[in-house]
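Encoded as structure tokens, the structure appears first; notes follow it.
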Amino acid sequence: MKAIALGLMLAAGTTVAVAQQKPAASAKPAAVPAYITAALADPARAEQAGDDARRQAAAVLAFSGVKPGDTVIDYLPGKGYWTRILSGIVGPKGHVYAYWPAAAQRYAEKSLGAIQALNLPNATVQVQAVNIPAADQPIDLFWTVQNYHDVANKDAGEPALRAFDQAVFKLLKSGGTYVIIDHADTVGKGLADTNTTHRIDPDYVKRQVQSVGFRFVGESRVLRNPEDDHSKNVFDPAIRGRTDQFVYKFRKP
């Protein structure tokens, strides 16, 4: 995702207490349920299926715990890769909201119409009128891929991330899940490179999200790449599509 100034310096919602539970270790690979396999095998998405292995789609979706009947927000959905799969998983009793914040209007224009034209019966695709995540009903899963680092760009920094995470906490159901997939930076770098190499320190993300009340459930390492030394911009052809990425799962108590 290209750098986006999300304008999240405004105060957000109610501050919640810091969760004190001990974080879990890296999660064991989850078995892939039949409903995920079926969604990935849908002939209607044949043109995007060639990217499934690189994205480790089956593994990360199984790790997330998404299931039929869930209500999901796919935040900053890009071209709708995940939106289409999630739509197939949650089925007719679930719903997927593919949302861009108001500040990302010009990025949404590149793909919003194309996703809407798919006429996914259980999906709402739109640019929201606000710059922090919002929903009209409690959500089971908040999902964002390669976008979390953008929230801190343009000197928005930690206050913007805190406002974002508080908003996600507020809209999730009790027991709801927050999944963040992003390009890893070297541990200790914090937010130093979010607007240059477009990477973010995984340990910083873990601490930040937990600081607003989430419990860290675990990590899937299926997108980790030890050959990526974190020095290159994620759009550099030498590493693009093969960056070291973390997959974190948090839960609202």
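A few notes on this one:
- The chain: most fluctuating residue of ARG45, ARG242, ARG162 per GNM, C-alpha cutoff 10 Å: ARG45
- Members of LYS93/LYS170; LYS154/LYS232; LYS93/LYS206; LYS173/LYS206; LYS67/LYS232 lying beyond 30 Å, as alpha-carbon distances in this model show: LYS93/LYS206; LYS67/LYS232
- Given charges at Cβ of Lys, Arg, Asp, Glu: the chain dipole, positive-most of PHE142, ALA129, ALA31: ALA31
- Segment 113-134-segment 29-89 distance, computed between alpha-carbon centres (Å): 17
- Under the Debye formula (equal points on every Cα, no solvent term), log10 I(q)/I(0) of the chain at q = 0.08, 0.13, 0.15 Å⁻¹: -0.27, -0.78, -1.09
- Percent carbon-and-sulfur accessible area, segment 81-174, ignoring ligands, DNA and RNA, probe 1.4 Å: 49
- Rg/Rh for segment 133-183 stands at 0.98; both radii use Cα atoms, and Rh follows the Kirkwood definition.
- For the chain, share of DSSP beta bridges that run antiparallel, in % to the nearest 5: 35
- Projecting the Cα positions of GLY190, SER174, ALA152 onto the charge dipole of segment 115-201 (unit charges on Cβ atoms of Lys, Arg, Asp and Glu, taken about the Cα centre) puts SER174 furthest along the positive direction.
- Span-like helix check, the chain: no full DSSP H segment qualifies, none having both a Cα axial length of 30 Å or more and a mean Kyte-Doolittle of -1.0 or more.
- Solvent-accessible area per residue in the chain equals 44 Å², computed with a 1.4 angstrom probe and all protein chains kept.
- Summary value for segment 146-253: 33 percent relative contact order, contacts being C-alpha pairs under 8 angstrom separated by 6+ residues.
- Rounded, prolate or oblate (a/c below 1.5 giving rounded, otherwise prolate when a/b exceeds b/c) for segment 192-251 by Cα gyration tensor: oblate
- Taking every DSSP helix (H) stretch of at least 4 residues in the chain, weighting each as -39,500 (n - 2.57) and dividing the sum by the residue count yields a mean residue ellipticity at 222 nm of -6500 deg cm²/dmol.
The values are calculated or read from the model by the stated rules, or taken from the named source; none is laboratory data. Keep in mind that what you see is a predicted model, and the values were worked out from it rather than measured. Cβ coordinates were reconstructed from backbone atoms using ideal geometry, including for glycine residues, and neighbour counts include every protein chain displayed. Ligands, DNA and RNA are stripped out before the accessible areas are found, and what is left, the full protein with its side chains, is counted by its heavy atoms. Shrake-Rupley method; radii C 1.70, N 1.55, O 1.52, S 1.80 Å.
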